[in-house]
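The next block holds one structure in the form of structure tokens; read it before the comments.
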């Protein structure tokens, strides 16, 4: 194996752990392991622990690239696009939590523990949650409590319980609480009836009381002198079973979007076929469908594109899409929650630990972006001028397939009526103004009016040399 030297391009999300860090070696992302973690790494490797996790798709696989006295370099399997906890549906968040518990339960059987239980250590890859922090494992010490227990509650269990009562908007709190939602805040936001659950009471309310009593010196492992492995397993099993049964009772406007379309089946099918034709001609490797609801249109081209991302503002629609991904084993489909009017910002120290959505999309560089039945919501619900939305798409789109509903479209009429006395301000919402706005950033390649509708489908190419 060749000797590798330390790179200066350390990954911005990888500076906190003394055990090692991620870095960019050209276009390849690698991980440096520091001598302080050599003992754990070698034990995990030689015991077959890593191999078992790889085989069961619990941990992102890696290859050992180089070994020396000062460093070990491993190269993880590439992940094209990283999603963050505040971009997951309820079911995705649940599966990420259960995945973390599975790892801890298995680790205990082999004499190890998870020393970190951050929600940011999970992302979605090949249609499933995957743990991505290889250095998060440590040796189990007899009768010592799980040191990452509190982190699991503030990153996973607490947010899930809050969401079950208040809806998935709660997950956005992870944008401002990158180290987890404080225990006391979780407790205060829960209704009184939540205390009737022994699992919620013991893992949130009681823990919050202990934290308040002992202030900043509180930690699960210091306040509980001993905890047997059997007792730990009981806690893990209780949390696992409780989370597994959790459900979301939240109705949303667009959950059954395609049951309420304003055009007939023939028009709907015609739109699918046109999109298939345009996508096929471009031969893309990567495609993103923004505002793609439950992935209906993305699935028409799924077999012809290596990677497909589908975003939507509606968490229920994303959850339904994710359910289909699971059932159909669609390993090349990635759904996640995204509000185009408020894309996820960069967060953490220097606002760079977790990249903004726009930065991640620009790095991902999809060959095609689709925006179907979206522009009227951006423009009329969000009051965003056409040149502004065109600029947004131009930051990451090589080709753009975008649908424009004309003023005569019934949904556009409905949105315009809501403007009341300001309706005249939106006289700019017309085909001519739309084309002028988008042609500032894109070159028009195709334009077809969808039969049986008041809508036009456009195919644009980005004018920017760096993208187009």
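Data overview
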read-out	value
Residues of region 414-429 classified as closer than 26 Å to residue 268 by Cβ and exposed (fewer than 14 other Cβ atoms within 10 Å of the Cβ), total	3
Selection within region 293-313 - more than 13 Å from residue 127 (Cβ to Cβ), in contact (Cβ under 8 Å) with a residue 40 or more places away in the chain and surrounded by fewer than 21 Cβ atoms within 10 Å (Cβ to Cβ)	313
Qualifying position, being in a loop (DSSP other than H, G, I, E, B), within 30 Å of residue 42 (Cβ to Cβ) and out of contact with any strand residue (DSSP E or B) (no Cβ under 7 Å at 6 or more places or on another chain), among 105, 144, 150	144
Residues within region 378-391 that are surrounded by fewer than 19 Cβ atoms within 10 Å (Cβ to Cβ) and closer than 21 Å to residue 309 by Cβ, tallied	1
Scan of region 338-347 for residues that are surrounded by fewer than 21 Cβ atoms within 10 Å (Cβ to Cβ) and either within 21 Å of residue 130 (Cβ to Cβ) or not assigned by TED's automatic domain parsing to the domain that holds residue 373 (or both), ordered by number	none
Residue within region 410-429 that is touching a residue at least 60 places away in the same chain (Cβ under 8 Å) and closer than 24 Å to residue 459 by Cα present	yes
Failed item in (1) outside any strand (DSSP E or B); (2) crowded, with 16+ Cβ neighbours inside 10 Å; (3) touching a strand residue (DSSP E or B) at 6+ places or on another chain (Cβ under 9 Å), with residue 404 passing the rest	(1)
Condition check for residue 452: surrounded by 13 or more Cβ atoms within 10 Å (Cβ to Cβ), modelled with pLDDT under 95 and under 31 Å from the mean Cα position of the chain (by Cα)	no
Subset of region 69-100 [out of contact with any strand residue (DSSP E or B) (no Cβ under 9 Å at 6 or more places or on another chain) and either part of a helix (DSSP H, G or I) or crowded, with 24+ Cβ neighbours inside 10 Å (or both)]	90, 91, 93, 94
Filter pass, residue 400 being touching a helix residue (DSSP H, G or I) at 6+ places or on another chain (Cβ under 8 Å) and within 18 Å of residue 298 (Cβ to Cβ)	yes
Check on residue 129, in contact with a helix residue (DSSP H, G or I) (Cβ under 7 Å, 6 or more places away or on another chain) and assigned to a strand (DSSP E or B)	yes
Count of region 30-60 residues which are touching a residue at least 12 places away in the same chain (Cβ under 8 Å), more than 26 Å from the chain's Cα centre (by Cα) and outside any helix (DSSP H, G or I)	3
Single residue of 46, 63 found to be outside the structural domain of residue 122 (by TED's automatic domain parsing), at pLDDT 95 or above, loosely packed, with under 15 Cβ neighbours inside 10 Å and under 12 Å from residue 134 (Cα atoms)	63
Any chance residue 371 is crowded, with 22+ Cβ neighbours inside 10 Å, over 22 Å from residue 79 (Cα atoms) and under 20 Å from the mean Cα position of the chain (by Cα)	yes
Exclusive hit being at pLDDT below 95 and not assigned by TED's automatic domain parsing to the domain that holds residue 336, set 141, 237, 216	216
Matching residues in region 133-168 - criterion: being in contact (Cβ under 8 Å) with a residue 40 or more places away in the chain and surrounded by fewer than 20 Cβ atoms within 10 Å (Cβ to Cβ)	139, 140, 142, 143, 144, 147, 167
Residue list for region 314-336, restricted to those being touching a strand residue (DSSP E or B) at 6+ places or on another chain (Cβ under 7 Å) and within 24 Å of residue 249 (Cβ to Cβ)	315, 318, 321, 322, 325, 335, 336
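Yes/no matrix, rows are residues, columns are (1) at pLDDT 95 or above; (2) out of contact with any helix residue (DSSP H, G or I) (no Cβ under 8 Å at 6 or more places or on another chain); (3) outside the structural domain of residue 394 (by TED's automatic domain parsing):
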{"site": "318", "(1), (2), (3)": "yes, no, no"}
{"site": "323", "(1), (2), (3)": "yes, no, no"}
{"site": "326", "(1), (2), (3)": "yes, yes, no"}
{"site": "333", "(1), (2), (3)": "yes, no, no"}
{"site": "336", "(1), (2), (3)": "yes, no, no"}
{"site": "351", "(1), (2), (3)": "no, yes, no"}
{"site": "354", "(1), (2), (3)": "no, no, no"}
{"site": "359", "(1), (2), (3)": "yes, yes, no"}
{"site": "371", "(1), (2), (3)": "yes, no, no"}
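The values are calculated or read from the model by the stated rules, or taken from the named source; none is laboratory data. Predicted, not measured: the structure shown is a model, and the values here were computed from it. Cβ coordinates were reconstructed from backbone atoms using ideal geometry, including for glycine residues, and neighbour counts include every protein chain displayed.
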